[in-house]
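Notes follow once the structure below has been shown.
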Amino acid sequence: MKNILFVASEGVPFIKTGGLADVVGSLPKSIDRNYYDVRVILPKYTCMKQELTQKLEFVTNFYMDFHWKNEYVGILHAEVDGIHYYFIDNEYFFGGFKPYGDNALFEIEKFSFFSKAALSILPVIGFRPDIIHCHDWQTGLVPVYLKERFQGNEFYHGIKTIMTIHNLKFQGKWSVKEVEDITGLSQYYFTPDKLEAYKDANLLKGGIVYADAVTTVSPTYAEEIKTAFYGEGLDGLLNARAHDLRGIINGIDYEEFNPATDKRIAVPYNAANFRKEKSKNKRALQEELGLNKDEKCFMIGVVSRLTDQKGFDLIACVLEELCQDAIQLVVLGIGEEQYENMFRHYDWKYHGKVSANIYYSEDLSHKIYASADAFLMPSLFEPCGLSQLMSLRYGTIPIVRETGGLKDTVEPYNEFEGTGTGFSFANYNAHEMLNTVRYAEKIYYDKKREWNKMVDRAMAADFSWNVSAGKYQLMYDWLCG
Ligand code: ADP
Ligand code: GLC
């Protein structure tokens, strides 16, 4: 039996802002329990839903030396679907209305504390991992602290670490002087071959340098981040670590996202009856959101963080033109104000055609995945992307840009061979996107049988964790030697 510990800043069902939480919530459940004991450490945020925090049991607490103070470390525990979760409690760091705040320096302090606390609680909870699997910059200091101070102690000796990059854009950067002060790491660690990057301290870089293996969430993104365009300044380092870097595509929870059993959608359906049943969901959603009631109208869905990463500047460029077509557009998302307001404006101007839902809602997200005909995701970069996988699962055809995980998971439609599960375009260009959307419209309206066959193929594609969990297991075995 191998012990694997996930350390992450978010995880379903406890706290979610994006795809990281889906992965942390679903991958541990898919790892073979006969051979691996996977446990998860998360922060205990005050903003977690009360019905969940009520179920956490208090384990113990102690004080930990951190940033010239003695900080409270509470430990809570819960078991969900057979997985043990441990929570680090400290209201100073994890209070507030949302998990991440806007003060970059405080975020660094918060997650430095979290990383050190995650290592400190292990003897207390009596779990000695063979491997610590770290996720994103928030946990970048775990491999660093492990080597720097914990590994001298016999309990920690020989623990291996993996750094998984879900998004290279976020690195946790601040001035060396202040990070040195916060983390208590000596000057030795702040050189360009370790935590320093372009004169600043960089927590993700620390993780990449010190982890025994580095992964990211799709094979294409693993290649892309070795180039200057996608490398976010760390392409040199990633090339240097190319031998230890691999891309493993994400899966999604096929039980949670299942159109045949989904309680959140109006009418369940499956691969055999979607031709009759799926559009009943569209009808219900049109009713709910005040859109024109027309089951035949081509409905495009968007469920996303409203940021530049997701290609919203392309949409902004051609939205007026797109609104002249026979389409409906349903958007669910929060993020940059300019995009929130853009969709609100189009909702006002093209009421009945465009529905802007500027908030976070799991219920509505499922309804959109089930109701829309197509799902638009023209990302500038996309480490993996889960929304297009959810769309495929619900027979909603993704329209994507060929980057990162989008390229690895959506096979472009080929009308001559009758293959493909979606539509895609290569260049980051608004009219290339618009043309691709219009090509999809044309197939939908003029070749409905072909469209439905594409839905057949989309629903038959398998992006459950089956295959990818096996790849993580192979890596765990390889690292343990
Ligand atoms: P990222 O992690 O970059 O945001 P992913 O495609 O990997 O992108 O994952 C996004 C996840 O967040 C999906 O599960 C998607 O359904 C969900 N999501 C994004 N915005 C919202 C929202 N406003 N309401 C509900 N779910 C959302
Ligand atoms: C990040 C990426 C997204 C990926 C998710 C889970 O948030 O932006 O592409 O699917 O992490 O790995």
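Assorted remarks:
- Pairwise label distance in nanometres, Asp477 with Phe62, each label 7 Å out on the Cα-Cβ vector: 3.5
- Highest-first arrangement of 289-295, 130-136, where packing means the average Cβ count within 10 Å: 130-136, 289-295
- Net charge of the neighbourhood of Ala240, taken over other residues with C-beta under 13 Å away and scored Lys/Arg +1, Asp/Glu -1, is +1.
- Likely footprinting exposure, Lys16, Lys407, Lys310, fewest C-beta neighbours within 10 Å first: Lys16, Lys407, Lys310
- Virtual spin-label span in nm between Asn466 and Lys29, 7 Å along Cα→Cβ: 1.7
- You can think of it this way: the chain between Asn153 and Arg128 has 7.8 nm of extra reach, that is 0.36 nm per residue less the Cα-Cα gap.
- Per-residue HN-Hα couplings for the range 239-254 [Karplus 6.51, -1.76, 1.60; θ = phi - 60°; Hz; x = Gly/Pro]: 5, 5, 9, 3, 5, 9, 10, 9, x, 10, 5, 5, x, 10, 6, 6
- Ranked His84, His166, criterion: other C-beta atoms within 10 Å, fewest first: His84, His166
- Potential lengthening of the chain between Glu71 and Tyr188 amounts to 39.6 nm, from the contour at 0.36 nm per residue minus the alpha-carbon distance.
- This ranking places Trp137, Trp68, Trp174, Trp451 by how few other beta-carbon atoms lie within 10 Å of each, fewest first, which gives Trp68, Trp174, Trp451, Trp137.
- Look at the dipole of the chain built from charges on Cβ: of Ile327, Ile249, Trp478, the Cα furthest out on the positive end belongs to Ile327.
- When the listed pairs Lys367/Lys442; Lys367/Lys448; Lys55/Lys310; Lys173/Lys349 are checked against a 32 Å cut-off, the alpha-carbon distance exceeds it for Lys55/Lys310; Lys173/Lys349.
- Peptides 89-102, 205-218 ordered by average Cβ neighbours within 10 Å, highest first: 205-218, 89-102
- Shape category assigned to the chain from the gyration tensor of Cα positions, a/c cut at 1.5: prolate
- Residues of the range 356-377 falling in the label zone of Ala284, defined by backbone nitrogen less than 14 Å from a point 7 Å along Cα to beta-carbon, are 363-372.
- Put simply, when 387-398, 27-38 are sorted by average Cβ atoms within 10 angstrom per residue, most first, you get 387-398, 27-38.
- Cα-centred dipole magnitude for the chain, charges only on beta-carbon of K, R (+1) and D, E (-1), debye, nearest 20: 800
- Centre separation in Å (Cα based) which lies between the range 1-27 and the range 322-345: 30
- Point-to-point label distance, Trp348-Arg264, nm (Cα→Cβ direction, 7 Å offset): 2.9
- Proximal aspartates and glutamates to Lys98, defined as alpha-carbon separation beneath 20 angstrom and excluding residues fewer than eight positions away on the same chain: Glu10, Asp22, Glu51, Asp89, Glu107, Glu109, Asp136, Glu336, Glu337, Glu340, Glu362, Asp363
- FRET efficiency, 1/(1 + (r/R0)^6) with R0 25 Å, evaluated for Tyr445 and Glu337 via beta carbons: 0.10
Here, each number is a calculation from the coordinates, and none is a lab measurement. Remember, predicted model here, so these are calculated numbers, not experimental data. We place every Cβ from the backbone using ideal geometry, glycine too, and count neighbours over all the protein chains shown.
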